[in-house]
Amino acid sequence: EVLRKSYPRYAALNYPLPVKAEDLPLRESEVLLEYAITDEATYLFILRKGGVKKIVKIPLNKDILEETVKSFIEPMNLKKPDKFSIKEAKRLYEILLSEALKDVRENEKIIIVPDGILGLLPFEALVIKEGTGFKDSVFVADRYTISYYQSATILALNRILKQIEQEKPLFAVGNPVYNAHDPRYIAWRQGKKDTPLSGSNQYAFRGLAIKAKWGAVTEDEKTGRIEFPPLPETEEEVKEIAKIMGLKPEPPDVLLGVMANERNLKKARLEKYKYLHFATHASLPGMIQGINEPFILLGQVENQDDDGFLTMSEVMSMKLNADTVVLSACVTGVGREVEGEGVSNFARAFQQAGARAVVVSLWEVASEPAVEYMKRFYNHLKSGKSKAEAMKLTRSEIKIKYPSPFYWAVFILHGEG
């Protein structure tokens, strides 16, 4: 009870008191779809303002559902956009959504509370009507606005707690220095200002993975060494976003290159910012020896007493007041063995710290389209669109240029849309 009084967010996230379905603060035009996977079957609860409207029993047990979803997502993890199966996307739509959407109008908002493996599934990429290819198939994203929540309790909490106005528009981190031999760091130490962005693998962060066969960014099969190469394109991404938000890309608001380390992040007063943007690698426990929880990889130079890993527990202990946190980092290593935990855990951790919404990536996306995606997304936010609308518009614009869901379905929104 002490927890509930002093730390309502923490208590609600970690020890949720079930909110009665009829008390959920849903709006008139919203429908909430909550999935529950059991060993025998999967259940879908369809809720609207006032309570549960319908319960659908989906005759797929945990093992079969996991197998189905994993094989569906596999082309994305393997970076094979054209291997995406429209047929499978249609089949998953029939299994997971068709029944629920019978009573949903297109202008209504859908909130999905996934369970287990479903946390890795972009429901937007499921197919309502199968065509001959990407261009003439009708995807869920074409018709509906979707956002995700970890639980109905977090939704209730987010809507009850008061939002405080933020003083500053944007805090962003990108293209950190992962290696002390990086020319950018050497130049910085010599007092030189502009050095070329480094994109070479020889300046990667190197560590030992705990499981030799874990699919990483780049990895040497035999030794289980894992590398996180520099991400020069994220610098372009962050500079573009800063420009949209009317900021100079410099500390304390924007940390790039040598500056993008944990020490500077901890000095920044993050509770003052409306948008927080992380454009660097993120990974899962066991990827680096000694780091036993999901982490965001920050710069590995000039950290003083910090280790350069922003871990999940560090995120949870932050005090944030952000409207949106964007993790444009790739959650690398969401391989076949990892159950969506990395993605949903970070969404949860940032919400626990006080963020109202978190945008996460479900696989590692190609850099050009990612930069373009973010530019468009922030432009829509700046013009006053809601987060869910901004995501929907961005998706449809990217989709015209890059029709495979690999490019446009990679980011999903957790929290208040």
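The values are calculated or read from the model by the stated rules, or taken from the named source; none is laboratory data. All values reported here derive from a predicted model rather than from experimental measurement. Cβ placement follows ideal geometry from the backbone for every residue including glycine, while neighbour counts extend to all protein chains displayed. In case anyone asks, the SASA skips ligands and DNA or RNA and just uses the protein heavy atoms, side chains included. Shrake-Rupley method; radii C 1.70, N 1.55, O 1.52, S 1.80 Å.
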Solvent-accessible area per residue for the range 10-123 (1.4 angstrom probe, square angstrom): 50 Å²
Per-residue [θ]222 nm for the chain (sum of -39500 (n - 2.57) over DSSP H runs n ≥ 4, rounded to 500): -9000 deg cm²/dmol
Local electrostatic count at Asp305 - Lys and Arg +1, Asp and Glu -1, tallied over other residues with Cβ under 15 Å: -2
Neighbourhood net charge (11 Å Cβ-Cβ; Lys/Arg +1, Asp/Glu -1) for Glu130: +1
The chain - percent of accessible surface contributed by carbon and sulfur, probe 1.4 Å: 51 percent
By average C-beta atoms within 10 angstrom, highest first, the peptides 288-294, 88-94: 88-94, 288-294
Computed over the chain: relative contact order in percent, which uses C-alpha pairs under 8 Å that are six or more apart: 16 percent
Around Pro249: net Lys/Arg minus Asp/Glu count, Cβ-Cβ under 10 Å: -1
1.4 Å probe accessible area per residue over the range 360-417, in Å²: 32 Å²
Heavy-atom surface of the range 256-307, accessible at 1.4 Å and reported per residue (Å²): 35 Å²
Ranked by how many other beta carbons lie within 10 Å on average, peptides 59-68, 104-113 from highest: 104-113, 59-68
Overall Cα dimensions of the chain, principal axis frame, Å, largest first: 66, 49, 40
Extended-chain gain in nm, criterion 0.36 nm per residue less alpha-carbon gap, Glu67 and Asp307: 82.7 nm
